[in-house]
Amino acid sequence: MATGDTDVKIINGALILLGSNEITSLSDGSDAAKMASTIYPDVKRMALGLYDWSFALKKKTLARSATAPTNEWTYSYPLPADILTKVPQAVYNSTSTGVSPITAYEIYDSSIYTGATTIVIDYLSTETTEASMPSYFVQLLKYMMAWHLAEPVTDQAAKAQYWQGVAVGEPHENMRGGFFRQAAQMDGRGRPGKSFSDQEFSLYYVRNI
């Protein structure tokens, strides 16, 4: 874990890579701070949504809605307010350990519709803080911020293209290359049975291209 990291430290890491002056805060009035404060939240969400990062995953038993669905499903369960992709990483119909995910459900209006009487989900959380991010993800986020700040800060599109390659690889790699690949492999080492492969593709990326 990269203890003590903040949004400003991560942004300054990116600005240093671009040869630009650091900021003192997101509201210090500088052009870099104005640009970074606008860009950073979206880049952070994009980076979190690229992979099932262990530090960003939550498990939660959902509360059943008092209003029954109007279609073929029996129950509806509102998704958590802090779910990142609006799509759970896995859905279970039991709180017991060792159960397999289910597929008998649909998502409508930010709710899971299903016939199951219990719903537990694994999901990526928007409440992931910089202080909880491991060093490999912090480094990825710096590279991604350098990519997105390069053109507005340096007025050089070639630099943006370069840092995109460093962060997520070449266009034909569909954001699965560059340092992202290393970060995902490091994250997967701590979870038996979970590893990064070329076949894995982010729900966030698919739903936002």
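The values are calculated or read from the model by the stated rules, or taken from the named source; none is laboratory data. It should be emphasised that the depicted structure is a prediction, and the values quoted were computed from it without experimental measurement. Note: ideal-geometry Cβ built from the backbone for every residue, glycine included; neighbour counts use all protein chains shown.
For region 14-31, filtered to residues that are outside any loop (DSSP other than H, G, I, E, B) and out of contact with any Phe, Trp or Tyr (no Cβ under 9 Å at 6 or more places or on another chain), the residue that is surrounded by the most Cβ atoms within 10 Å (Cβ to Cβ) is L15.
Scanning region 32-55 for residues that are surrounded by fewer than 20 Cβ atoms within 10 Å (Cβ to Cβ), out of contact with any Gly (no Cβ under 8 Å at 6 or more places or on another chain) and hydroxyl-bearing (S, T, Y) yields S37, T38.
Of all residues in region 120-142, those satisfying the criterion of being under 30 Å from Y77 (Cα atoms) and in contact (Cβ under 8 Å) with a residue 24 or more places away in the chain are V120, I121, D122, Y123, L124, S125, T126, E127, T128, E130, S132, M133.
Being in a loop (DSSP other than H, G, I, E, B) and polar (S, T, N, Q) is the filter here; which residues of region 32-81 pass it? Selection gives S65, T67, T70, N71, T74. Residues in region 96-120 that are in a loop (DSSP other than H, G, I, E, B), at pLDDT below 95 and of a type outside the set (G, A, S): T97, V99, D109. One residue stands out among those in region 69-96 that are under 25 Å from the mean Cα position of the chain (by Cα) and among the small types (G, A, S): the one that is farthest from V120 (Cα to Cα), which is A81.
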